[in-house]
Protein chains: 2
Amino acid sequence: MPITIRDIGEIELINRLKRFMRSDQINDDVAEIKALNKNLLVNTDLLVEEIHFSEKISNAQDIGWKSIAVNASDLICSGSENITSFTVGLVLPPNTHWEWVENLYIGMHKAMKVFGGEIIGGDCTAGDIKMIAITAFGEMNQPRLHRGNALPGDYIVSTGFHGLSRLGLALLTSEKLPSEVKLSPSLISRAIKAHKRPQAAIEALRALNASRPDSTMLRAAGTDSSDGLLQSVKGICESSNCQAVLLKDALPKDPEWPKDLNWNKWLLNGGEDYQMILSLPQNWAKALLKKLKSARIIGFIKKGRPVVLWDNSEEIKVEKLSLFQHF
Amino acid sequence: MPITIRDIGEIELINRLKRFMRSDQINDDVAEIKALNKNLLVNTDLLVEEIHFSEKISNAQDIGWKSIAVNASDLICSGSENITSFTVGLVLPPNTHWEWVENLYIGMHKAMKVFGGEIIGGDCTAGDIKMIAITAFGEMNQPRLHRGNALPGDYIVSTGFHGLSRLGLALLTSEKLPSEVKLSPSLISRAIKAHKRPQAAIEALRALNASRPDSTMLRAAGTDSSDGLLQSVKGICESSNCQAVLLKDALPKDPEWPKDLNWNKWLLNGGEDYQMILSLPQNWAKALLKKLKSARIIGFIKKGRPVVLWDNSEEIKVEKLSLFQHF
């Protein structure tokens with residue numbers, strides 16, 4: 001019989017979790033963050049079982065990885081190159097296997113090795129469903145990327161392909177595809193990986209910073225595309241009070257993504273892509289494309305009410321796919 | 001029909017919650033904390049419905065108050081006099097009334113007026129049960145109170161009475177009392193208030209700092225008694241590797257607490273008291289008693305294996321009352 005956390009008991013559980021934490025934190029409930037001469041960025045994200053993750057399609061290491069990656073993504077896409085720490089709050093049913101908990105933390109550690117940071121504290125308690133509440137901390141660097149920094153004339157840049165995570169989810173749950181097409185094994189593999197082990201855009205941020213045309217240039221709008229490509233562009237329009245035009249022929253598609261236009265809905269609204277969506281001065285956008293192979297100019301910003309248009313002036317409506325209709 | 005958060009929808013819900021947040025945070029997912037020349041203390045606590053709170057006994061404002069107070073308590077009892085900010089993660093069933101959510105935040109705001117801080121960010125998502133994940137931030141001040149700072153010869157000080165919250169819970173749930181006694185109306189009222197609207201020990205901390213015999217004296221052990229008086233004293237013994245002796249005649253009892261010794265179990269193990277339990281050099285302890293009327297010397301620290309004894313050398317075992325056996 002596998003050992004459950006009820007078998008272990010609360011005190012021993014907390015003791016076992018300490019080995020995943022920064023070693024000087026172990027004697028107190030509270031964690032310390034050293035004084036900084038830089039501002040700190042903070043992000044809180046909740047992952048709830050059967051809403052944000054499901055054991056039917058992801059194992060504990062996948063879920064641990066994802067819980068760190070999605071939090072890191074928000075900080076990175078706000079401009080933080082140095083993720084410093086995480087607190088982890090866990091709600092777990094008493095019959096949860098210890099092995100599951102251990103693998104969750106192993107997955108978190110693997111992600112922290114890539115994106116930075118360490119666990120400095122947290123809380124663990126019983127509940128009927130699994131829930132992971134993570135607060136992530138990073139240094140604030142220049143440029144600080146805001147949704148509200150776009151200006152007419154900017155190019156809109158996506159740092160990577162979209163729709164893969166949504167396709168991965170569909171493949172893992174045997175959901176009907178937008179149309180019947182034959183998918184290449186390598187696309188299938190990339191899609192499943194994008195869903196189970198998303199990558200936060202740390203390399204894209206480094207390329208963005210390395211491609212600044214001159215060091216005084218600091219204005220850049222940015223956000224991650226966790227809620228979908230279209231929602232991210234719309235968010236920039238609303239916060240910056242301007243209009244976006246997307247180029248139909250320049251959608252950030254995986255080279256093996258189906259040509260059928262029915263598949264655009266997953267690309268535009270699928271979500272959980274964790275790419276960086278940027279609005280940049282044109283020369284910066286062009287310089288970034290030279291540094292970052294996966295980056296694409298997908299449109300431009302102009303004056304107007306905050307909506308997103310195709311280049312034929314047709315408005316593109318954000319489609320709420322059932323997966324993300326939480327309420 | 002009351003309006004539910006499903007009626008409102010996710011985007012409008014997040015818009016409505018923004019009025020409870022610091023005004024410069026509203027355009028981005030991430031929050032900023034300004035650069036500090038002081039270290040930051042961070043604490044994460046989870047409150048799960050039917051484990052940490054129940055609508056049968058507390059209304060939304062009570063629950064909001066408590067969620068802030070219990071987080072502030074950990075920071076204050078680590079020495080932070082200046083609570084600066086909170087992030088709030090909420091899991092809510094879609095049929096939750098908007099009015100409930102609004103009152104939750106009103107309760108939080110009332111507590112922040114007393115204990116300090118403001119909401120700088122968070123997350124909100126759907127789930128089958130209500131859950132509140134709070135991360136609290138405070139400046140680290142000197143002395144930093146650690147569980148591990150006690151030394152033989154110290155006096156153990158409780159900054160207030162214990163057992164009231166446990167009694168309040170029993171009264172609110174019509175639970176059988178430890179023995180049949182007549183309780184005074186004022187004790188009943190204090191007990192219910194202690195359970196519904198706990199006070200974090202900010203006044204006690206100020207008194208502690210104001211009573212330092214000299215400004216170079218910085219060693220003090222401390223923790224809050226959220227897990228019960230006895231567990232707190234035991235925690236200090238274990239982290240400091242020493243022994244505690246409690247004086248049977250000096251238990252920190254409300255003047256109207258029943259004399260019957262059966263009631264000691266709630267006083268020792270009831271939990272959710274949110275008083276400060278300190279281990280202090282003797283002259284500091286005596287000075288504190290002069291500044292803080294509710295403070296009591298309840299025992300002393302000596303060399304020995306980390307257990308808690310009565311003054312007749314009998315060992316006092318921590319009793320896990322069913323309420324806190326989460327696993």
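Within the range A:104-134, the residues that satisfy the criterion of being of a type in the set (A, V, I, L, M) and either assigned to a strand (DSSP E or B) or within 27 Å of A:Cys237 (Cα to Cα) (or both) are A:Ile119, A:Ile120, A:Ala126, A:Met131, A:Ile132, A:Ala133, A:Ile134.
The rows are residues; the columns are (1) within 14 Å of chain A (Cβ to nearest Cβ); (2) buried (at least 23 other Cβ atoms within 10 Å of the Cβ); (3) in contact (Cβ under 8 Å) with a residue 40 or more places away in the chain; (4) not hydrophobic (A, V, I, L, M, F, W, C).
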{"position": "B:Gly270", "(1), (2), (3), (4)": "no, yes, yes, yes"}
{"position": "B:Pro281", "(1), (2), (3), (4)": "no, no, yes, yes"}
{"position": "B:Ala295", "(1), (2), (3), (4)": "no, yes, yes, no"}
{"position": "B:Ile301", "(1), (2), (3), (4)": "no, yes, yes, no"}
{"position": "B:Asp311", "(1), (2), (3), (4)": "no, no, yes, yes"}
{"position": "B:Glu314", "(1), (2), (3), (4)": "no, no, no, yes"}
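Of the residues A:Gly222, A:Gly235, the single one that is within 24 Å of A:Leu167 (Cβ to Cβ) and either modelled with pLDDT of 95 or more or buried (at least 21 other Cβ atoms within 10 Å of the Cβ) (or both) is A:Gly235.
Only one entry in A:Phe161, A:Phe137 is of a type in the set (A, V, I, L, M, F, W, C), in contact (Cβ under 8 Å) with a residue 40 or more places away in the chain, part of a loop (DSSP other than H, G, I, E, B) and closer than 22 Å to A:Asn209 by Cα, namely A:Phe161.
The number of residues in the range B:115-170 being charged (D, E, K, R), in contact with a helix residue (DSSP H, G or I) (Cβ under 8 Å, 6 or more places away or on another chain) and over 26 Å from A:Val48 (Cα atoms) comes to 3.
Yes or no, residue by residue, for (1) in contact with a strand residue (DSSP E or B) (Cβ under 8 Å, 6 or more places away or on another chain); (2) within 11 Å of another protein chain (Cβ to nearest Cβ); (3) over 16 Å from A:Thr135 (Cβ atoms); (4) surrounded by 16 or more Cβ atoms within 10 Å (Cβ to Cβ):
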position	(1), (2), (3), (4)
B:Arg16	no, no, yes, no
B:Leu46	yes, yes, no, yes
B:Ala60	no, no, yes, yes
B:Ile76	yes, yes, yes, yes
B:Val91	yes, yes, no, yes
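Take B:Met21 and tell me if it is out of contact with any Asp or Glu (no Cβ under 6 Å at 6 or more places or on another chain) and touching a residue at least 60 places away in the same chain (Cβ under 8 Å). The answer is yes for B:Met21. You will find that of B:Glu81, B:Glu50, B:Glu99, B:Glu12, the residue that is over 28 Å from B:Ser165 (Cα atoms) and out of contact with any Phe, Trp or Tyr (no Cβ under 6 Å at 6 or more places or on another chain) is B:Glu12 and no other. Kindly evaluate B:Gly64 against the criterion of being within 19 Å of A:Leu46 (Cα to Cα), assigned to a strand (DSSP E or B) and either without any contact (Cβ under 8 Å) to a residue 60 or more places away in the chain or more than 17 Å from the chain's Cα centre (by Cα) (or both). So B:Gly64 does not fit the description; no.
Please state which one of B:Glu118, B:Glu55 is away from chain A (no Cβ under 11 Å) and touching a Lys or Arg at 6+ places or on another chain (Cβ under 8 Å). Write out each step before concluding.
On the way: B:Glu55 fails: touching a Lys or Arg at 6+ places or on another chain (Cβ under 8 Å).
Within the list B:Glu118, B:Glu55, the selection yields B:Glu118.
Comparison of B:Gly163, B:Gly153, B:Gly168 shows that the only residue that is more than 14 Å from chain A (Cβ to nearest Cβ), in contact with a Pro (Cβ under 8 Å, 6 or more places away or on another chain) and closer than 28 Å to B:Ile236 by Cα is B:Gly153.
For the condition farther than 30 Å from B:Gly148 by Cα and crowded, with 17+ Cβ neighbours inside 10 Å, A:Phe53 qualifies.
The values are calculated or read from the model by the stated rules, or taken from the named source; none is laboratory data. Since this is a predicted model, take the numbers as computed values, not measurements. Cβ: placed from backbone, ideal geometry, glycine included. Neighbour counts: every protein chain shown.
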